[in-house]
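Read-outs throughout are calculated quantities, based only on the coordinates presented, and are distinct from any laboratory measurement. Everything numeric in this text was worked out from a predicted model, so none of it was measured. Here the Cβ is made from the backbone with ideal geometry for all residues, glycine too, and neighbour counts use every protein chain on show.
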Amino acid sequence: MSSSKNYTPKRVLLKISGEALLGRGAYGVDPEIANAIAEDIASVANSGIEVCLVIGGGNIFRGMTAAAKGMDRVQGDYAGMLATVINAVVMNSVLQQHNIDSYIMSAISMPQIAETYIRDKAMRHMDKGHVVIFAAGTGNPYFTTDTAAALRAIEMDCDLMLKGTQVDGVYDSDPKKNPEAKRYDTLTYTEALAKGLNVMDATALSLARDNQLPIIVFDVHEKGNFSRVLNNQGTFTKVVVSAETAS
């Protein structure tokens, strides 16, 4: 999707999957990728747009995968929440190296590492232009970081939620396996849910739909892409209430 029309939201939430931090490795965080993503976040934050983040933990631990192999699901989900805290600590450090005032707020209390999430405190950080990284999901098992991202975006009164992935939008099938896969420019929440498309889980999509929170899915690895999509440029998929609200 390309357009000359500028789109400049005041406040946005960027959701990054843990896998997007992997790089070529099978585990952990690739420092070069973390630095490149931090550069893009810093560019957007320095432009005056208020930014908050939710980072998944799939590069370290996935509770659902562990549960499928016999681990208790609740314990697995708590381990997954701790994985998101590790990613938040890494990204916070990299952002601060780019002279960005950033703070971690965790849904699970761990005062030596992060501030405990309190909405009013998070809002004050954002009002000052600080980047806030929300860690530990919602603090509850059975909820994904996609749902945590939608929830925090709504709580922070964000104009837009962006999901930074390893592909340039939402496709009707896996583009890495099917060269004929079709990318959607625009989707409605209802279409995404009905077709079972890999945008976000159903709880996150329903929450966004009920609160009319637009979602943009884009390739977070393409340098400068975060800024471009916020200006309605480049390639991405936008998920909205109806096709009429896409522009």
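Here is how the numbers come out for the structure above:
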item	result
All aspartates and glutamates inside 16 Å of Lys223 as judged from Cα atoms, apart from same-chain residues fewer than 8 positions distant	Asp30, Glu32, Glu39, Asp40, Asp168
Linear extension gain, Asp72 paired with Glu222, 0.36 nm per residue minus alpha-carbon span	50.2 nm
Net charge dipole size for the range 124-247 [Lys, Arg +1 and Asp, Glu -1 on Cβ; Debye, nearest 20]	260
Inter-label distance for Glu180 and Asp201, nm, one decimal - labels placed 7 Å from Cα along Cα-to-Cβ	3.3
Average Cα contact separation per residue, the chain, under 8 Å, 6 or more apart, as relative contact order %	24
Overall form of the chain per C-alpha gyration tensor (a/c, 1.5; a/b vs b/c)	rounded
Burial order of peptide ranges 176-187, 41-52 (average beta-carbon count within 10 Å, highest first)	41-52, 176-187
Total formal charge among the other residues, if their Cβ is under 12 angstrom from that of Ala181, Lys/Arg +1 and Asp/Glu -1	0
Across Lys10/Lys176; Lys163/Lys195; Lys69/Lys182; Lys10/Lys128, pairs whose alpha-carbon gap is larger than 23 Å	Lys10/Lys176; Lys69/Lys182
Mean Cβ count within 10 Å, highest first, over the residues of peptides 211-217, 23-29	211-217, 23-29
Charge dipole (debye, nearest 20) of the range 11-245; +1 at Cβ of Lys and Arg, -1 at Cβ of Asp and Glu	280
Whole-Hz ³J(HN,Hα) from phi, Karplus 6.51 cos²θ - 1.76 cosθ + 1.60, for the range 151-156, glycine and proline x	4, 5, 4, 6, 4, 7
Theoretical gain in end-to-end length, Ala79 to Lys128 [0.36 nm per residue, Cα-Cα removed]	14.4 nm
Burial ranking of peptide ranges 9-16, 146-153 (average Cβ count within 10 Å, highest at the top)	146-153, 9-16
Ser242 paired with Val89, simple spin-label distance in nm, labels 7 Å along Cα-to-beta-carbon	4.9
